[in-house]
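> Below: one structure in structure tokens.
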Amino acid sequence: MKKNIFTLLFLVVLLLSLEANAQNRIHYNNQDLFLSGSNLAWAHYGEDIGLGTTDTTVIADWMLQMHQHGGNAMRLWLNVEGTVGLVFDASGHATGLATKTISDLKKVLDLAWDREIGINICLWGFGMLTSTLNADVLTRNRLLLTDTSYTNTYIRNCLIPMVDALKAHPAIICWEIFNEPEGMSSEFGWSGYQRVPMSAIQRFINLCSGAIHRTDPTAKVTNGAVTLASLTDVLAKKSANEGLNLATMSDAEKKSLENWFNSKYRTALTAEQIVPIIQKLTASNYNYYSDVRLIAAGGDSQGTLDFYSVHYYVMNGVPQLSPFTHLASHWNLTKPLVVGEFGWENTDGVPKAKLYDTLYTNGYAGALPWSWTDVSSAGHTEMLAGMKSLWDKHQSDVNLLGTGGDWPTISITSPQDGATFPEGSQVVIEVAANDDGGANITKVEFFVSDNIKIGEVTTAPYTFTWTNITSGIYRLTAAATNSLGHKQTSNSIQITVGTPPMTRLEAENATRQGAGMSIGTDVTASNHHYISIAQTDTNATITWQLNNVIEAGNYPIAFGYKVPFGTKTQFVNINGVRVGAIEFAGATSTAWYEKNLNVNLVKGSNTIQMQMSWSWMYVDYLAVPATITAVENIAGIPTSYSLLQNYPNPFNPSTIISYQLPKSGLVTLKIYDVLGREVSTLVNEQKTAGTYKVEFNGIQLSSGVYFYRLTTADFMQTKKMIFIK
């Protein structure tokens, strides 16, 4: 009898343990998993799915790196603003999916499953009511949310066909209806966005969720709440406003808040505008997304969420709503809770290295930090280390049992990162490559600047000698392919050969702010002009923008200057961060000099800024290595195709579109409206290799969003621009 009682107690404890484990896991792939991964969100904002130009290289590389560090999940945004991927009629009803939407999505899902990564597909977000969108787009997006005839047309013509076409794909973790819909709500909405009632958002979630569940009964549905204030009825122990008080914030804290919020939400607000928004978002707690409230809003009994998702950032100033300081059970929710976004920073006393572990320990169902596209390469390394920590400690909870897994490993062993070589040198590149899964290494390829192939070997030792190298700064990588066709890219290293040629960016063409600056003329100055700073203003700045730095690294730069009033000290800021106070001196007051220094730049867009401390000097130019950007190489011929962002943007009435061609061929450059209709053909002819600029005048167009696409025989890229009359 006693033995039977002990047996019964054991079974009860076991069942309770299994139930608790299911409560903080996501059932996917016939497993109960903790989602360990990150947000990709996008490779190219609003353009990843539907145009047929998906950047599979970036997406596949990140997913493979996650896989190799034990990650299992990635969050991808789909419609974003509703301008790409869907087709609408003249009345604003959605009539179907863009031709490439399903194939683009399937391409990403196939890459994911091959790397044993699941995808959270986020359908919509607050960006669909961005005030600067084309008026027709805004109108139809509002109707989509507020008029059920428009909602049901979208569901019938777009959502159901998409879910039906992809429902058998094993890489889909879930469909997420919205990203932070509170931002476009009447109750919580932000400046820069139109607003609809939360009741309309709840109804849309209910109707879409029900349609997804009927189309694919095995599908999971979730929604990304901006904070726990809109996801729980549990009241915070303290006033939420205590975490953020404008009156006690320093100027530095205000600036930090502005930088974070405006970067994250693509706005241009001041701290005085941001603080009330955050306070309103967190003033009281109410779960808008419970089953009862969603069904009450839309009437569909199947229109509920399978698990909850929430976002948390230190900058929202509300530790009382922090998942890092509260157990998941604290919020009294009846479904698993994934932390679907959080900032990659030390958070509420938890160091970055412990963020994943803390969310796991606190009983949440997943950890997806923001974001691969918005953090530095150092942040990537730290995120991957966090995923690896979970894998090492809790492998059974994060191991997605897919069909991939056998990938080669490869690393460049020589030369070392940062190595320098005399002009005219040959560089011997040595690689270690192997495959522990039983496949064979079939080839190792060697690249410069990511995609320019300089050599290949098919047998060990994997060594290649690079010859005929022009002086410059280069980023080297290698890639190993195994007998299964799986290709893995190595670490990248930066080398310098000879003295890199420099490109001068004239000061008179840079962005200037502050008092006392004017353009002067001097035939001995570069381009015969310079900037005179003749008034003391410590807020005065000269800022240069580098739009396409090919790879992160440490690079030499130089300022051309003259000191007619004697030695001066000014500040240098890189990407908004001060790197030092630099002394500008000269033997005479009449000669031009160069000040050389080395700075760290990130991949992609960078700003280099001189901020005045003493002022009272002349600035001629900023010189940067000609080989670090996609503008042009040292011979004047671009090393790769590139379509640059138009400038200015937004524009009225004209803007400049620049592009680069590494070789000759037929080139077309066309303008399209949001419905995919061709508006103008700017270029349709044979072009030789080089850098080109084309002016587009939109005087005959209505205000709104337009797209421009560059097409050659082996390259196509599309970018978005905004015309405002």
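> May I ask for the angle, rounded to the nearest 10°, between helix 198-215 and the longest principal axis of the chain, with both axes built from Cα atoms and the value confined to 0 to 90°?
70 degrees
> Residue by residue through the stretch 56-73, which ³J(HN,Hα) values in whole Hz follow from phi under the Karplus form 6.51 cos²θ - 1.76 cosθ + 1.60 (θ = phi - 60°), with glycine and proline marked x?
Couplings: 5, 5, 5, 5, 5, 5, 5, 5, 5, 4, 4, 4, 6, 10, x, x, 9, 8 Hz.
> List, in the order given, every pair from LYS220/LYS388; LYS255/LYS595; LYS167/LYS388; LYS568/LYS693; LYS167/LYS719; LYS562/LYS720 whose Cα-Cα distance in the structure shown is over 32 Å. Show your work: numbers first, answer last.
On the way: LYS220/LYS388 26 Å; LYS255/LYS595 29 Å; LYS167/LYS388 30 Å; LYS568/LYS693 38 Å; LYS167/LYS719 30 Å; LYS562/LYS720 41 Å.
Beyond 32 Å between Cα atoms: LYS568/LYS693; LYS562/LYS720.
> In whole Å, what are the extents of the stretch 366-482 along the principal axes defined by its C-alpha atoms, from largest to smallest?
Rounded to whole Å, the extents work out to 53, 35, 21 Å.
> Give me the aspartates and glutamates in straight-line cross-link reach of LYS335: C-alpha distance below 18 Å, same-chain residues under 8 apart excluded.
Those aspartates and glutamates meeting the cut-off are GLU19, ASP32, GLU176, ASP233, ASP291, ASP306, ASP397.
> What angle do you read, to the nearest 10 degrees and between 0 and 90, between the alpha-carbon axis of helix 135-146 and the longest principal axis of the chain?
Taking Cα atoms only, the helix is inclined about 20 degrees.
> Still on this structure, I have one more. Place +1 on the Cβ of every Lys and Arg and -1 on the Cβ of every Asp and Glu in the stretch 453-581, take the dipole about the Cα centre, and give the residue among HIS486, VAL549, ILE454 whose Cα lies farthest towards its positive end.
HIS486
> What lysines sit close enough to LYS453 to cross-link, taking a C-alpha to C-alpha distance under 17 Å and skipping anything fewer than 8 places away on the same chain?
LYS443, LYS487, LYS663
> Add +1 for every Lys or Arg and -1 for every Asp or Glu among the other residues with Cβ under 13 Å from the Cβ of ILE542, and state the total.
Values: positive: ARG512; negative: GLU506, GLU508, ASP537, ASP620.
Counting the neighbours of ILE542, the net charge comes to -3.
> Follow-up question, since we're still on this one. Please turn the phi angles of the stretch 552-565 into ³J(HN,Hα) values with the Karplus equation 6.51 cos²θ - 1.76 cosθ + 1.60 (θ = phi - 60°), one per residue in order, whole Hz, x for glycine and proline.
4, x, 9, 10, x, 9, 8, 9, x, 7, 9, 10, x, 10
> Let's see if you can work this out: charge +1 on each Lys and Arg Cβ, -1 on each Asp and Glu Cβ, no other charges. What is the dipole magnitude of the chain about its Cα centre, in debye to the nearest 20? Spell out each step's value before the answer.
On the way: 49 positive and 60 negative charges, 158 e Å.
Taking the Cα centre of the chain as origin, the dipole is about 760 debye.
> Okay, next question. Would you mind counting up the charge near ASN527? Only other residues with Cβ under 13 Å from its Cβ, with Lys and Arg at +1 and Asp and Glu at -1. Working shown, then result.
Working: positive: ARG504; negative: GLU506, GLU508, ASP522, ASP620.
Net charge around ASN527: -3.
> Counting alpha carbon pairs within less than 8 Å and at least 6 residues apart, what relative contact order, in whole percent, applies to the chain? If you can, show how the numbers build up before the last one.
On the way: 1695 pairs, mean separation 69.5, N = 725.
After rounding, I find 10 percent.
> Moving on. What ranking do 347-353, 474-480 get when scored by the average of other Cβ atoms within 10 Å per residue, highest first? If you can, show how the numbers build up before the last one.
Details: 347-353: 14.7, 474-480: 23.0.
So the order, starting with the most tightly packed, is 474-480, 347-353.
> Rank PRO336, ALA43, PHE204 by how far each Cα sits towards the positive end of the charge dipole of the chain (+1 on Lys, Arg Cβ; -1 on Asp, Glu Cβ) and give me just the farthest.
Final value for the positive-end residue is PHE204.
> Hey, any idea what the orientation-averaged projected area of the convex hull of the chain's Cα atoms comes to, in nm²?
36.4 nm²
> While we're here: Highest mean first, what order results for 152-158, 115-121 on Cβ atoms within 10 Å?
Values: 152-158: 20.0, 115-121: 24.7.
The densest-packed peptide leads the list: 115-121, 152-158.
> On a 0 to 90° scale, report how tilted helix 2-23 is relative to the longest principal axis of the chain, with both axes built from alpha carbons and the result rounded to the nearest 10.
40 degrees
> Let me ask you something else. What is the extension gain from VAL58 to THR409, computed as 0.36 nm multiplied by their sequence separation minus the C-alpha to C-alpha distance, in nm to one decimal? Present the calculation step by step, with values, prior to reporting the outcome.
Working: separation 351, 0.36 × 351 = 126.36 nm, distance 1.82 nm.
This chain segment gains 124.5 nm when fully extended.
> Find the centroid of the Cα atoms in the stretch 163-218 and in the stretch 403-442, then give the distance between the two in whole Å.
44 Å
Laboratory data are not the source of any read-out in this text; all were calculated from the coordinates shown. As the structure is a prediction and not an experimental result, all values here were calculated from the model. In this analysis, Cβ positions are derived from the backbone assuming ideal geometry, glycine residues included, and neighbour counts consider all displayed protein chains.
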